[in-house]
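What follows is one structure encoded as C-alpha cells, with my remarks underneath.
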Amino acid sequence: MTVTVDLVSYEDALAAYDPVMGLEVHVELGTATKMFCGCSTELGEEPNSQVCPTCLGLPGSLPVVNAVGVESAVKIGLALNCEIAQWCRFARKNYFYPDMPKNFQTSQYDEPIAFNGYLDVTLEDGEVFRVEIERAHMEEDTGKSSHIGGSTGRIQGASHSLLDYNRAGIPLIEIVTKPIEGAGRRAPEVAKAYVAELREVIRALGVSEARMDKGQMRCDVNLSLRPHGREQFGTRSETKNVNSLRSVERAARYEIQRHAAVLDAGGTILQETRHFHEEDGSTSAGRIKDNAEDYRYFPEPDLVPVAPAREWVEELRAGLPEMPRVRRVRLQGEWGISDLEMQAVLNAGAIEPILETIAAGAPADQARKWWMGELARRANESGTDLSAQPITPAQVARVCALVADGSLNDKLARQVIEAVLDGEGEPDEVVAKRGLAVVSDDSALGAAVDAAIEANPDVAAKIRDGKVAAAGALVGAVMKATRGQADAARVKELILERLA
C-alpha cells in the first residue's frame, strides 16, 4: 500500500526513527582507453565516434582488460584501507537498457578486487566519523541517452531519444559502503563529508579528476529508516546519480523526511530508485529496484581472472601519495593555525585555492586571508562553491603582491577583488582603470594633511603636547578625504612632521 503525504519536519523524523544509509559512488577512471577495448575515452568528441565491435558488443569481438584500470582499482582499494583480493574475476550483469549496447554490463559481483576497508571523515565541528567500506569493484560505464522534445529532459513526455555510445565501456570503480549507522541527525552531513573526502582521495591518487559536474564521480544515496530500538533495517530507497556534494546532503535529508511521512501515515516504503531534482531538493520515483538475482550474474567467460601479485600490490602501497587527512595535518603545522581555523578552511573548501595561490607566489597567511575572507563571503552570498568563484589563484596572488609592494592597501585590494569577480579584468587593469593605486607622493598628500590639521585644531594641539596616539584621528580624516587611497603610514609621518 502506498500513501501520498506531505513531508514531516526533520526534527520529528529523527525523534521517531534512526536513519541507515548506504552510499554507492561511481568513479570514472582517467585512463586513455576504455576498460575492455582500445577506444579513446576523450570527452567531447562527436557522438558514436569512439566505438568499436568490442564496446558495441558485436558478435565475435573479445574484451581485453585494461591494465591501468586494474592498477587504479588496486590503488583506490589501498587508499581506502581495503584488503586486496589475491584472485578475483569479472561477471556479466544482465539488464536490457538502450544505453547498454551489449545488453549486459561487465562488472564484478561476489569477487571484487578490494573489500573490507574504511574511510575516516571529518565533520564540520571537527568530529571524526568512520565510514566502513564493503567493497570497491571494477566495471564499465554505460552509454548516454538524450531525451528530446520533453520539458524535463527525462523520457516521460519526450518525442524521441538519441543514444551516444562513446561513454560505453569507460572504466568505472564502484565504491560501496557498509550500512552507515549511528549518525542520527548528522546522517546527511556524514554523507556529504564522506563523498567530499573520497573525492579528495581519488584526486590525490591521480586516477581521476573526479569532477562531479562532468559525471566523472556520481553518488547513489541509499536510505532507510527504522523505529528507535529496532535492529532490523527498514526498506531502502536509492536516489540515483547525485552529482554534487550539496545535493548528496539534500537528497539524504529529503528522503529521511519522506520516509518518515510515509511510515507515520501507515504506508509502505517501496524499494525503488529515485530521481533527485536540483531545483527544489526533492526526489521522485524511478523504477522498482531489482534484487541481485534479477540481474542473472554469472562469470564472464571471455575474461581470465585477475590475480594481483603480492609484490606488485606492496609496491603500489609504498608508492601511494600523501593522503588528504595527513596532508591537512601537515599544512596546519606549516601554516601555524589552530584546529578550529583548519576546520574552517576545510569546511569552506579552501585548501586547494589557498595552495594554488601560495604556489603563484603569495604568502600563506595572505592567501588564507583573502580566500577565507572576501572570497568566502561572496561564495556564501551567491550560494556557490568557493572554487567556482570567477577569480583564479594567480589573480589573488597578484593582489597580494600589489599589497606587499605598497601599491594597494587592504581597502583598495577588496575593491580590486570585487572588480575581478565582476569581470572587469586582471588586477592591474582594474587598478589602472579605476585609479585605485595608493597615493604616497608627499605633494599629493600634503594638502590633505594640512586640511585635516586645520579642521581638527583640538586634535592637533594634543599631538603637539606629545600625545602621538591622537594622530590616528587625523590619519582617518585624510583617508576619508582621499577615498582610502592614501598611504596611511606616510600620512602619519607627515602629520607628526608638521606638528613636531
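The values are calculated or read from the model by the stated rules, or taken from the named source; none is laboratory data. Since the model is a prediction, treat every value here as computed from it, not as a measurement. Cβ placement follows ideal geometry from the backbone for every residue including glycine, while neighbour counts extend to all protein chains displayed. Please note that ligands, DNA and RNA were not included when accessible areas were found on the heavy atoms of the full protein model with its side chains. Shrake-Rupley method; radii C 1.70, N 1.55, O 1.52, S 1.80 Å.
Once the 1.4 Å probe is applied to the protein heavy atoms, the range 1-126 comes out at 45 Å² accessible per residue. Computed extension gain for residue 95 through residue 12, at 0.36 nm per residue and net of the alpha carbon distance, reaches 25.9 nm.
Near residue 163, once Lys and Arg are set to +1 and Asp and Glu to -1 for all other residues with Cβ below 10 Å from its Cβ, the sum equals -1. Each principal axis of the Cα cloud of the range 75-166 was taken in turn, and the coordinate range along them, longest first, works out to 48, 41, 19 Å. Just so you know, the Rg over Rh for the range 1-83 is 1.24, from Cα atoms, with Rh as the Kirkwood radius. Summing Lys and Arg as +1 and Asp and Glu as -1 over all other residues whose Cβ lies under 10 Å from the Cβ of residue 94 gives a net charge of +3. Overall, the accessible surface of the range 44-110 at a probe of 1.4 angstrom is composed of carbon and sulfur to the extent of 52 percent.
For the range 111-210, the Kirkwood estimate of hydrodynamic radius, built from reciprocal distances between every pair of different alpha carbons, is 16.3 Å.
Give me the percent of accessible area attributable to carbon and sulfur for the range 114-271, probe 1.4 angstrom. Answer for the range 114-271 is 44 percent, counting heavy atoms of protein chains only. Taken over the range 212-259, the convex hull of the Cα atoms encloses 72 Å³ per residue.
Taking the Cα centre of the range 232-342 as origin and assigning +1 to Lys and Arg Cβ atoms and -1 to Asp and Glu Cβ atoms, the resulting dipole is close to 220 debye. Residues 87, 370, 335, sorted by accessible area with the largest first, give 87, 335, 370 [1.4 Å probe; ligands and nucleic acids excluded].
Placing unit charges on each Cβ (+1 for Lys and Arg, -1 for Asp and Glu) gives the range 101-248 a dipole about its Cα centre, and among 212, 179, 190 the Cα reaching farthest toward its positive end belongs to 212. Pairs spanning more than 20 Å between alpha-carbon atoms, out of 369/433; 93/192; 369/411; 102/178: 369/433; 93/192; 102/178. Each residue was assigned an accessible area with a 1.4 Å probe, and for residue 275 the value is about 60 Å². With protein chains left intact and a 1.4 Å probe, residues in the range 198-313 average 47 Å² of accessible area per residue. Solvent exposure of the range 324-401, expressed per residue, is 48 Å² of accessible area, with all protein chains present and a 1.4 angstrom probe.
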